[in-house]
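Here is the structure we will look at.
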C-alpha cells in the first residue's frame, strides 16, 4: 500500500479533468461576450449610417420638425438602410432585426445658427436615428439568460438638405 500513495502518475490528468468544466464555461463566456460586442458595434455603425443618410434628405421632408416628425418616405428609407445596409431588400444585419426597431425623429437645435442655418430662427433641424434590437445569443440557451438584453444605439446629424 505505501507504493500506491507514493505513485504520482496521472495527477496532471486528474487536475485537467477537474479544471475542464471551468475552462469550457470561460471559453463559452468569452465567445458570447465577443459576439455581444460585435453585435453592438453593428447596431452602432448602422444607426450612424442611417443618420447620415437622413441628414442628406431634402429640407421639404422636415417641414414639421418642431413636432418631431419626418416624412414617411424618409423614415421607411432610413429604417431599411439602417437594418439592411440597402434602400430596398436585403437581409438584416442581425438576426431578428425588423424595421420597427428603428425610430427616426427630428428636432431643432438652437445652438446651430451659422452657415446654411443662418436664416433659421429655431436653429438647425437635427435628425435622430435610434435602434433597439433584441439580442440573440450566439449559443442560444447556452449563452445564458439574455431574454431582456437589447442592443441600443442612437445617432444625431444636422439636416443638410442636399
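Brief remarks on what is shown
- When residue 9 is tested against the conditions (1) farther than 26 Å from residue 140 by Cα; (2) touching a residue at least 24 places away in the same chain (Cβ under 8 Å); (3) assigned to a loop (DSSP other than H, G, I, E, B), the lone failure is (2).
- Hey, residue 100 free of Cβ contacts under 8 Å to residues at least 24 places away in the same chain, in contact with a helix residue (DSSP H, G or I) (Cβ under 9 Å, 6 or more places away or on another chain) and closer than 18 Å to residue 131 by Cα or not: yes
- Within the stretch 46-75, being without any contact (Cβ under 8 Å) to a residue 40 or more places away in the chain, surrounded by 15 or more Cβ atoms within 10 Å (Cβ to Cβ) and in a helix (DSSP H, G or I) holds for 49, 53, 61, 74, 75.
- Residue identified as in contact with a strand residue (DSSP E or B) (Cβ under 8 Å, 6 or more places away or on another chain) and within 30 Å of residue 139 (Cα to Cα) among 39, 65: 39
- Residues that are out of contact with any helix residue (DSSP H, G or I) (no Cβ under 8 Å at 6 or more places or on another chain), under 14 Å from residue 129 (Cβ atoms) and at pLDDT 95 or above do not occur anywhere in the stretch 72-83.
The values are calculated or read from the model by the stated rules, or taken from the named source; none is laboratory data. Quantities reported herein were computed from a predicted structural model and do not represent experimental measurements. Cβ atoms come from the backbone with ideal geometry, glycine included; neighbour counts cover every protein chain shown.
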